[in-house]
1. What is the set of long-range amide H partners of Asn329 at a cut-off below 5 Å, with H atoms built 1.01 Å from backbone N?
2. Taking all pairs of distinct Cα atoms, average 1/r, flip it, and tell me the Kirkwood hydrodynamic radius of region 304-393 in Å to one decimal place.
3. Report, as a whole number in µm² per second, the diffusion coefficient that Stokes-Einstein gives for region 88-224 at 10 °C and 1.306 mPa s using the Kirkwood radius over alpha carbon pairs.
4. Mind listing the phi-derived Karplus ³J(HN,Hα) values for region 190-203, rounded to whole Hz, using 6.51, -1.76 and 1.60 with θ = phi - 60°, and x for any glycine or proline?
5. From the phi of every residue in region 333-350, what ³J(HN,Hα) in whole Hz does the Karplus formula 6.51 cos²θ - 1.76 cosθ + 1.60 yield, where θ is phi - 60° and glycine or proline is x?
6. For Thr68, list long-range residues whose amide hydrogen, built 1.01 Å from N in the peptide plane, is under 5 Å from its own amide hydrogen.
7. How far is the Cα center of region 98-126 from the Cα center of region 329-372, in Å?
8. Report, by chain and number, residues whose modeled amide H sits under 5 Å from the one on Asn182, excluding near sequence neighbours (fewer than 5 apart, same chain).
Amino acid sequence: MRKWIIICLGLVVAGGAALYLSGTLPLGNKSQEVSVEFPDKLNERIFVYQGDHDQRLRNMVYAEDGKTPLYAETDYANGDTGKVIFRPDFTAQSILRFFNPTLVNGERVVRSSFVIGTDGRTVIELSEFDLNKKLVLKGMRQPDGQYTERRYDADGLVTRYRLLNKTAMIFGGTAFSDYMVNAESLFYPGTSSLQSHFVRTESYITEKTTYLLSGAIETFLRTQGTIESGYALWPNGKTRVSFEKRSVSSSSWSVEYGVYSKSYDQSGQLIDTRMFRTSVMSVTLNLPEFGEVTQNWRPINSGTTGDALMKQENYALYEVLLPVLGPYNKVTVILGKDGKPTDLYHQYMEGDAEIKAFISLRPDGSFAKIRTYNTSTFKSGETVFIGNEGGSFQMPAELREATHFEIPLVRPNSPTYSYHP
């Protein structure tokens with residue numbers, strides 16, 4: 001049998017005013033507001049809320065006609081209290097919220113103050129305070145409809161500035177999204193020095209710049225549609241790394257077509273060029289002894305995704321390509337999971353014919369077998385070695401070495417925004 005429970009509070013208003021009862025009615029798993037109205041021309045009404053509602057009690061005060069609201073006083077679940085001032089047209093004009101009196105020695109200290117536009121929904125001004133009555137946040141609607149917000153530290157220094165678009169900070173409006181943030185600036189703690197700046201120049205173009213405490217640019221990141229690009233600088237202002245990422249997407253699938261990057265030392269000398277593609281990172285180095293060398297790396301964990309794929313330490317070397325290695329030309333070295341070479345491919349000329357040789361290696365580097373292919377006659381041959389009579393190969397340590405790499409910042413997404421009416 002379903003139980004109906006009505007929780008009501010009665011208020012007797014001096015001067016013979018009418019009585020109004022209101023409460024909530026739990027019905028199954030839902031709570032509904034219920035009210036019982038007595039004689040007409042009442043000018044105070046109490047609403048009681050249950051369940052997860054932020055408000056616990058609201059006392060509405062009306063004009064003598066019993067219809068036009070003047071103000072409402074609210075008790076919140078956390079012990080805070082509040083007051084809403086109404087216009088004659090029933091729209092909210094301002095909202096005040098006060099700290100729980102037990103936190104402020106019984107004083108009535110403002111926690112937040114809203115000034116609402118004539119539509120009763122648009123926030124024109126917002127002020128937030130701490131327990132010591134210091135301003136911690138100030139928001140203002142601008143003449144063009146955009147909304148600015150500044151957050152302050154205990155010393156009154158701005159720690160964050162935000163510019164929100166016209167659709168933000170509207171009661172009952174669209175749920176907050178990243179697209180409402182047009183700009184954000186963060187400052188180093190205890191200073192007025194800019195730490196980072198985010199800006200949305202178009203709906204599909206965003207840029208984020210970070211700064212050193214000295215004011216010099218540290219990194220820059222940009223998105224434009226499906227293209228992401230950026231760079232990081234050394235303290236001397238020279239480029240440390242630059243990259244570009246391209247991808248395509250539709251409603252049902254998304255394919256990343258690679259990230260291209262270049263790394264430099266502090267003098268501006270190119271260290272390596274990288275290309276990230278599906279399950280492979282190719283690193284091209286220019287080594288004095290070997291010339292242009294390409295290392296191909298695979299993710300150590302096949303489940304690695306996202307920004308983790310931009311870190312060198314998440315890869316294992318499996319292939320090295322170089323133009324010359326000792327007596328061999330156009331060389332490819334294949335490595336096993338233990339990092340030891342397992343196969344050696346190279347090419348050489350025999351008269352006018354190009355010969356491709358495929359050498360299988362034993363764990364100690366000695367030749368186990370050589371297979372050859374003549375690209376002119378299309379003939380192949382094979383020689384199997386019992387011992388080390390065929391020769392051996394030891395891979396130079398320089399060809400195994402990894403150069404550190406990591407995209408310096410996450411992609412330039414919009415900042416998150418924790419509050420929205």
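Derivation of every value follows stated rules applied to the coordinates shown; laboratory data play no part. If you're wondering where the values come from, they're calculated on a predicted model, not measured in any experiment.
1. Gln347
2. Working: mean 1/r = 0.0678 Å⁻¹.
Hydrodynamic radius (Kirkwood, Cα pairs) of region 304-393 is 14.7 Å.
3. Numbers: Rh = 16.9 Å.
Estimated via Stokes-Einstein, D reaches 94 µm²/s.
4. x, 9, 9, 7, 5, 9, 7, 9, 10, 9, 10, 7, 9, 4
5. 10, 9, 10, x, 5, 7, x, 8, x, 10, 9, 9, 10, 7, 10, 8, 9, 10
6. Those qualifying (amide H under 5 Å, at least 5 residues apart or on another chain) are Ala63.
7. Between the Cα centres of region 98-126 and region 329-372 lies a distance of 77 Å.
8. Counting only residues 5 or more places away or on other chains, the set is Leu163, Leu164, Asn165.
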